[in-house]
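The values are calculated or read from the model by the stated rules, or taken from the named source; none is laboratory data. All values derive from a computational prediction rather than experimental measurement. Note that we place each Cβ from the backbone using ideal geometry, even for glycine, and neighbour counts take in every protein chain shown. Each accessible area value is taken on the protein alone, full model and side chains, heavy atoms only, with ligands, DNA and RNA left out. Shrake-Rupley method; radii C 1.70, N 1.55, O 1.52, S 1.80 Å.
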Amino acid sequence: MISTETIEYLIRTYGYWALFVGTFIEGETILMLGGLAAQMGYLDLSWVMVVSFIGSFSGDQCYFHLGRVRGRELLAKHPKWQARAEKIHLYLERYHNLIMVGFRFIYGIRILTPIVLAMNPRIKTGRFFVFNGIGALIWTIVVAGGGYLFGHALELVVKQVQHYQLAIMLVLVLVGVGFWVRHRIKRKKNDQTKG
């Protein structure tokens, strides 16, 4: 069994790196846990937000660039993405800038959206850069703040939360990973059924 000292050491030593990598890829769960870790005193909330903003923003800029260079080729190689790409195009026709700001809040299209946006000639790189920055900032504040407030509420409910805080965080990590794995397996089964 991993000791609480080991968990605390891992969070303090690698927490910001985990936030960067997690938010670069997708990361709602990791960012919420970052906010929770900040509330518990293991990380600094300001740095959680800065690192997560950089991870989220730079990840989506990379996906956008990938879409500019190889978007059509990627969609051709992954026909299962076609239905989601068509939905994104449909939403883009209706909501334009709102999609560029808010796509992070829609689970399951986070990585694909910047790729699809880049394939649209009306979406200029500079325009995406600005709206991506606004969206990353809002998302970071809302999700990290949510994790922080959750930790604060938990502390009010459970008087001696300090005895249990690392165990609670570990359970939340396992639950988050469980949901992520379940979602991936479900998506894979759906893709196999369609294919």
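Selection of the stretch 35-53 for residues being of a type outside the set (Val, Ile, Thr) and either assigned to a helix (DSSP H, G or I) or touching an Asp or Glu at 6+ places or on another chain (Cβ under 7 Å) (or both) yields Gly35, Leu36, Ala37, Ala38, Gln39, Tyr42, Leu45, Ser46, Trp47, Met49, Ser52, Phe53. Suppose we keep only residues that are under 24 Å from Met32 (Cα atoms), assigned to a loop (DSSP other than H, G, I, E, B) and open to solvent by 20 Å² or more (accessible area, probe 1.4 Å) within the stretch 107-143. Which one would you say is modelled with the highest pLDDT? Checked the stretch 107-143; the qualifying residue modelled with the highest pLDDT is Ile111.
As a summary of the residue check, Gln162 satisfies the conditions (1) more than 16 Å from Asp60 (Cα to Cα); (2) at pLDDT 80 or above; (3) in a helix (DSSP H, G or I); (4) open to solvent by 70 Å² or more (accessible area, probe 1.4 Å) except for the one numbered (2). Applying the criterion of being in contact with a helix residue (DSSP H, G or I) (Cβ under 7 Å, 6 or more places away or on another chain) and of a type in the set (Ser, Thr, Tyr) to the residues of the stretch 31-74, the residue that is surrounded by the most Cβ atoms within 10 Å (Cβ to Cβ) is Ser56.
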